Amino acid sequence: MSELQVEHVNVYYGTNHVLKDISMAIAPNTVTALIGPSGCGKSTFLRLFNRMNDLIDDFRYDGRILLQGQNIYASDVAVEELRKRVGMVFQRPNPFPKSIYDNVTYGLLLQGVRDRAVLDHAVEHSLRQAALWDEVKGDLRKSALALSGGQQQRLCIARVLAVAPHILLMDEPASALDPISTAKIEELIHELKQQYTILIVTHNMQQAGRVSDKTGFFNYGQLIEYDDTRTIFTQPHHEQTQNYITGRFG
């Protein structure tokens, strides 16, 4: 069964038709890379899954997106509850100007969790999942802003994991990082897919090839091709995909 099912989705900003009749099935515990030139709609598509586009003026949507069989755009869906299930990691690290500990527990405190033992466990567990615990365990009261860029991004991943989501959305999570930090984030993605279903937007073809099981190629608001990553990069079925992968445009 698919974790996520996208059925004939269209997105409009005012009169601008941004995404055109997108359908896609995403299996659990997989990494799906979304690739394509700037402005092709892939980040808009990613933000559909936690309904962040709802915050944009003139956003309109039709079609269906099912998360574990539930239509996430149904009128009875509580958006805040949805966003606990679907976590988001942004392009640039965005830690809060608080301690490492307070960053990780932020979402849990919002949910009303006050038990110190529960919070302590969540901090250690989430930081271990984000491959950061060993680097910061002796200094959890240090400001998150004192961490390196790569550490900050892994802290932001830990902050998302602390509220136990099902889905992880990553919008170019390594584009602002140095090569060593990027490698750590990619290694982390491999480990996290054992427990989570991950969608990642990336402009980096090599990164898409390294981290993903499936790849969707977008252009001009259309999903041109969606297949196993190996197939997309070695034997694409569409000329547009071939041209993009080989650098002829984009």
Item to complete: List every residue pair whose Cβ atoms lie under 7 Å apart, where the two residues are 6 or more positions apart in sequence or sit on different chains, the first residue falls within the stretch 16-39 and is more than 20 Å from Glu3 (Cα to Cα), and the second residue, located anywhere, is among the aromatic types (Phe, Trp, Tyr) and assigned to a strand (DSSP E or B).
Response: Val18/Tyr12; Ile35/Phe217; Gly36/Phe217; Gly36/Phe218
Worksheet entry | Enumeration of residues in the stretch 161-176 that are hydrophobic (A, V, I, L, M, F, W, C) and surrounded by fewer than 22 Cβ atoms within 10 Å (Cβ to Cβ) | Val163, Ala164, Ile167, Ala176
Practice prompt. List the number of the failed condition for Val163; all other conditions in (1) out of contact with any helix residue (DSSP H, G or I) (no Cβ under 7 Å at 6 or more places or on another chain); (2) not in a helix (DSSP H, G or I) hold.
Written response: (1)
Response to the item:
By residue number, the members of the stretch 201-250 that are closer than 14 Å to Leu34 by Cα, hydroxyl-bearing (Ser, Thr, Tyr) and not in a helix (DSSP H, G or I) are Thr202, Ser212, Thr215, Tyr220, Tyr226
Worksheet item: For the stretch 1-99, which fully contained strands (runs of 3 or more DSSP E) count at least 2 residues that are modelled with pLDDT of 95 or more and under 27 Å from Phe249 (Cα atoms)?
Response: 4-13, 16-26, 31-35
Item to complete: Quick one: count up the residues across the stretch 114-132 that are assigned to a helix (DSSP H, G or I), crowded, with 20+ Cβ neighbours inside 10 Å and not polar (S, T, N, Q).
Response: 3
Worksheet item: Applying the selection to the stretch 136-160, what residues are surrounded by fewer than 16 Cβ atoms within 10 Å (Cβ to Cβ), outside any loop (DSSP other than H, G, I, E, B) and touching a residue at least 24 places away in the same chain (Cβ under 8 Å)?
Response: Ser143, Leu145, Gly149
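Can you tell me which of Gly107, Gly138 is under 29 Å from Gln70 (Cα atoms) and of a type outside the set (Lys, Arg)?
Gly107
Residue by residue, here is whether (1) out of contact with any strand residue (DSSP E or B) (no Cβ under 9 Å at 6 or more places or on another chain); (2) surrounded by fewer than 20 Cβ atoms within 10 Å (Cβ to Cβ); (3) not β-branched (Val, Ile, Thr) holds:
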residue	(1), (2), (3)
Ser38	yes, yes, yes
Phe49	no, no, yes
Asn71	no, yes, yes
Gly112	yes, yes, yes
Asp134	yes, yes, yes
Worksheet item: Can you name every residue in the stretch 73-97 that is crowded, with 17+ Cβ neighbours inside 10 Å and over 23 Å from Leu161 (Cβ atoms)?
Response: Tyr73
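Each row is one residue, and each column tells you yes or no for (1) modelled with pLDDT of 95 or more; (2) surrounded by fewer than 17 Cβ atoms within 10 Å (Cβ to Cβ); (3) touching a Leu at 6+ places or on another chain (Cβ under 9 Å); (4) among the basic types (Lys, Arg).
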| site | (1), (2), (3), (4) |
| --- | --- |
| Gln206 | no, yes, no, no |
| Glu225 | yes, no, no, no |
| Arg230 | yes, yes, no, yes |
| Phe233 | yes, no, no, no |
| His237 | yes, yes, no, no |
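The values are calculated or read from the model by the stated rules, or taken from the named source; none is laboratory data. Everything numeric in this text was worked out from a predicted model, so none of it was measured. When we count neighbours, we look across all protein chains shown, and the Cβ atoms used for this are built from the backbone with ideal geometry, even at glycine.
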